[in-house]
Amino acid sequence: MCEIASDDAVGLVMSAPRSTLKPCVGVIERYRTYLPVAETTPVISLNEGSTPLIPAPRLSSIVGRRCRVFLKFEGLNPTGSFKDRGMTVAVSKAVERGATLVVCASTGNTSASAAAYAARAGIQCAVLLPSGKIAMGKLAQAFVYGAKVIALEANFDRCLALIRELSIEPGIAVVNSINHDRLEGQKTAAFEIVDALGEAPDLHILPVGNAGNTAAYWKGYSEYLQAGHSTRLPRMLGFQAANAAPIYYDRVIEQPDTIASAIRIGNPASWKLAKAAFNESGGAIDIVSDGEILSAQRWLASNEGLFVEPASAASVAGLLKCCSEKECVRCPLRMVSEKATIVCTLTGHGLKDIATVMSENPQPIFASANKAEILSILKKPR
Ligand code: F0G
């Protein structure tokens, strides 16, 4: 059973969910009426979605003003990232249209997800990846799900440009977020948040790479407002990595660079849609440094018990940055009222990319199998 966890620490009063809870179905079955599917569309699903919205008491107390922070842990989707929400719709529609091959460019998670859903559908998958720039866990996923993995001496933006060229070939379906079926599926995360809270949050914070997720959340919140399931829209606040921040700097970045490989993108496909979301919502786009990302990743793991990949930690790094910056008058965090509800999306699981964590060479305490020795170790400070 996924949904909201109990929250004594921050005094949440749970309200009744708006949708009939169907925790054992995927997002197409759960939100069919909001998605571009017909009764005849084959549903290719791995029971994605229905991820937990986890209260973050320590983060809430740092934010202060009796605000409540929740973490939407998308790392608990079947392939370990939010991409599965969009992929179930994109691959179902591709199969409906008769595609025999799905292709995508990726910084890792889209390829893992495309490969898994293609395997489930019984069709082929090929992925174009920037050579040497993909986290090991994600690469392993693409291989094990049976995709054709093509590594290019090029960055993500060039891989995506090639995918656009391939899209006109017969029988091929592109499953990057330039395919709007992906955004349709991804908007369901916003539905789930409103269903769980009984209202839209005041502020929604997320990492930004190709910017499709920002566009998808904004669409989801807007549609749920129109449908009468909420009475307001959140301010949308996005964070890019400091050296991979085209939207923030308002120019294409030719050589984007960040430790958060998932968001190493210099020319986002959904740039305009995301910008509109930030502007229309009274939100903003900002940057976080690699140092801030890595320390937020560690902070989240050791203080809230959630291990996320570096790109995912950008949302929390951003929130922590907002809390420490006193002089930023345009900060959307300052504009929300006392007792505001804040949601940060944690986009992918930490186990996908353990290289940065292991690069610090953590060592266990070696000991002999002896109770007295272990007790003496337990008494020492860490
Ligand atoms: N977080 C993670 C873990 C991601 O994998 C991505 C994007 C993002 C955030 C940014 O989301 O692109 O919608 O703004 N990953 C893509 C991929 C680009 O190929 O897996 P976005």
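The values are calculated or read from the model by the stated rules, or taken from the named source; none is laboratory data. Quick caveat, the model's predicted, so the values are computed rather than measured. Virtual Cβ from ideal backbone geometry, glycine too; neighbours counted across all protein chains shown. We work out accessible area using only protein heavy atoms, side chains counted, and drop any ligands, DNA or RNA first. Shrake-Rupley method; radii C 1.70, N 1.55, O 1.52, S 1.80 Å.
Annotations
- A 1.4 Å probe run over the protein chains yields, for region 90-143, 32 Å² of accessible area per residue, whole-number rounding.
- From most to least packed by mean Cβ count within 10 Å, the peptides 360-370, 257-267 give 257-267, 360-370.
- Grouping the Cα pair distances of region 129-198 into 10 Å bins from zero gives a pair-distance distribution of 16, 35, 33, 14, 3 percent in increasing distance order.
- Estimated D of region 54-150 in µm² per second, where Rh is the Kirkwood radius over Cα pairs and Stokes-Einstein applies at 4 °C, 1.567 mPa s: 88 µm²/s
- Over the C-alpha trace of the chain, radius of gyration and Dmax come out as 20.6, 70 angstrom.
- Residues in region 298-382 average 59 Å² of solvent-accessible surface per residue, probe 1.4 Å, ligands and nucleic acids excluded.
- Here the Gaussian network model covers the chain, with springs between Cα atoms less than 10 Å apart; of Gly228, Gly220, Gly238, Gly228 fluctuates the most.
- Translational diffusion of region 85-222, µm² s⁻¹ [Kirkwood Rh, Cα pairs; Stokes-Einstein; 25 °C; 0.890 mPa s]: 159 µm²/s
- Across region 171-219, C-alpha contacts under 8 Å between residues 6 or more apart give a mean separation that, scaled by the residue count, equals a relative contact order of 46 percent.
- Taking each residue as 0.36 nm, the span from Ala140 to Ile168 lengthens on full extension beyond its C-alpha to C-alpha distance by 7.2 nm.
- Surface composition of region 98-138: carbon and sulfur make up 50 percent of the accessible area, probe 1.4 Å.
- Taking the chain as a Gaussian network of alpha-carbon nodes connected by springs under 10 Å, the highest mean-square fluctuation of the residues Thr41, Thr110, Thr188 belongs to Thr41.
- Hydrodynamic radius by Kirkwood, which averages 1/r over all alpha carbon pairs of region 318-382, in angstrom: 17.1 Å
- Full-stretch length increase - Ser295, Tyr249 - with 0.36 nm per residue and alpha-carbon distance subtracted: 14.2 nm
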